[in-house]
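Take a look at the structure below.
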Amino acid sequence: MAKHLETSRYAIKTLEKALRIYTPSLSEKALADFLADRCDDLGFRDIHQDEVGNLIATKGSGEPRIMLCGHMDVVPGKIKVKIEGDVLYGRGASDAKAPLIAMLFAAASVEENQGTITFVGTVDEEGNATGIKNLVKNKPDVDYAIFGEPSSLQKITIAYKGRLAINLKVNVKDSAHASAPWLAKNAIEEISAVANELKNELEKGQEGKNKGMILTATLTEIRGGTSHNVTPKECVATVDIRIPVDMNCDYIEEKITRIINEISLKKEIEVLYSVIDETEPFEAEHDSPLVRALTLSVLEVEKKRPMLIRKTGTGDMNVIGNQLKIPVITYGPGDPHEAHTINEKVSIDEFVKGIEILKRSLHHLKRLHEKTK
């Protein structure tokens, strides 16, 4: 019991220190170095950083081969790191340093011949998934993967939507003095109308579907104008499209092309689009040994059967699941609604329980994996 308390205190202190290292996307090096030191202390081997900055370390040996993967980066915006009662505040407390550190300590519990654990801290998950894409390119030799994202202890994420981020560009061919706006079309006004029409066309006919199974198209950025007194000739916008698991990127791109061509002809303006980012949707098997192992562990610790959920976002799980065709899930302590908020926080009790659930899952998975052979 004393050893368990000592491990918990060490894990909490590690999470607190990780939160003090500010890691916006592609600025994760200091955290990778810190985690490498922790891995060394905890008995990992083959500790290294790959060519894009992912931290990779190994623990245990034998089968099954399990990857525990969390991301080191956070969205921009510092938050003062502090503990108040059971709550730890800091940027990344929920998304996703609590799941990442929970996986580190769960992996550290694995001894020789209990399975081979590859612990990974990826870069740029909040950006363009540079880390996970590089990891997949190097073809990790694993049987199962768990991704660390806040799900709350009693929910296991088995599906994520896909994502298409597109760049829209409108050219109205002329500009005018702002005092005579009738002399030319206004590119900012036109692109707003184009984005709105595109959204309506893509989202129509989805009445009655739940949020996990609807396509959404959201205007997220707009850039245009050269002067306060000139109507803009050109404007550029970003539209973020989330694609449910019963659709795919190619199908949506074909629809976008058709819709934009129709809008361009109707409005008599030039409308172009290009794809910035493309990630296919993914849904994992619901009855894999991995899902069963985690379900058993949640039952043991929480005394309640976990829910299997589809999330409306897009995660690193999509990339590995679609490329490697292995059982994967996403799980971790923390409230997903805390992600990216101005007072991001995590329950310390939930974090400690999350370590225990992940630990037990690794041991259950070894037994269940051997049964399937």
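Structure above, values below:
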| item | result |
| --- | --- |
| Only one of Lys133, Lys139 that is at pLDDT below 95 and either in contact with a Leu (Cβ under 7 Å, 6 or more places away or on another chain) or farther than 20 Å from Ser61 by Cα (or both) | Lys133 |
| Residue check, Ile320 β-branched (Val, Ile, Thr), part of a helix (DSSP H, G or I) and touching a strand residue (DSSP E or B) at 6+ places or on another chain (Cβ under 7 Å) | yes |
| Within region 15-113, strands (runs of 3 or more DSSP E) holding 3 or more residues that are in the same structural domain as Lys366 (by TED's automatic domain parsing), touching a residue at least 24 places away in the same chain (Cβ under 8 Å) and in contact with a helix residue (DSSP H, G or I) (Cβ under 6 Å, 6 or more places away or on another chain) | 55-61, 65-71 |
| Region 160-210 - residue that is of a type in the set (Val, Ile, Thr) and part of a helix (DSSP H, G or I) and, of those, farthest from Cys235 (Cα to Cα) | Val194 |
| Of all residues in region 124-153 being under 16 Å from Met103 (Cβ atoms) and among the hydrophobic types (A, V, I, L, M, F, W, C), the one that is farthest from the chain's Cα centre (by Cα) | Val142 |
| Which listed residue, of Gly212, Gly225, is surrounded by 13 or more Cβ atoms within 10 Å (Cβ to Cβ) and in contact with a Cys (Cβ under 8 Å, 6 or more places away or on another chain) | Gly225 |
| When residues of region 45-61 are limited to those that are surrounded by 23 or more Cβ atoms within 10 Å (Cβ to Cβ) and touching a Ser or Thr at 6+ places or on another chain (Cβ under 6 Å), the one farthest from Lys137 (Cα to Cα) | Gly60 |
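Conditions tested, residue by residue: (1) assigned by TED's automatic domain parsing to the domain that holds Cys69; (2) among the hydroxyl-bearing types (Ser, Thr, Tyr); (3) crowded, with 21+ Cβ neighbours inside 10 Å.
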{"site": "Lys266", "(1), (2), (3)": "no, no, no"}
{"site": "Glu270", "(1), (2), (3)": "no, no, no"}
{"site": "Lys303", "(1), (2), (3)": "yes, no, no"}
{"site": "Pro336", "(1), (2), (3)": "yes, no, no"}
{"site": "Leu362", "(1), (2), (3)": "yes, no, yes"}
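Residues checked against (1) β-branched (Val, Ile, Thr); (2) in a strand (DSSP E or B); (3) modelled with pLDDT of 95 or more:
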{"site": "Asn261", "(1), (2), (3)": "no, no, yes"}
{"site": "Tyr273", "(1), (2), (3)": "no, yes, yes"}
{"site": "Ile276", "(1), (2), (3)": "yes, yes, no"}
{"site": "Glu285", "(1), (2), (3)": "no, no, no"}
{"site": "Val291", "(1), (2), (3)": "yes, no, yes"}
{"site": "Glu300", "(1), (2), (3)": "no, no, yes"}
{"site": "Thr314", "(1), (2), (3)": "yes, no, no"}
{"site": "Gly334", "(1), (2), (3)": "no, no, yes"}
{"site": "His337", "(1), (2), (3)": "no, no, no"}
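The values are calculated or read from the model by the stated rules, or taken from the named source; none is laboratory data. Not measured: the values here are computed from a predicted model. Glycine gets a Cβ as well: all are built from the backbone with ideal geometry, and neighbour counts include every protein chain shown.
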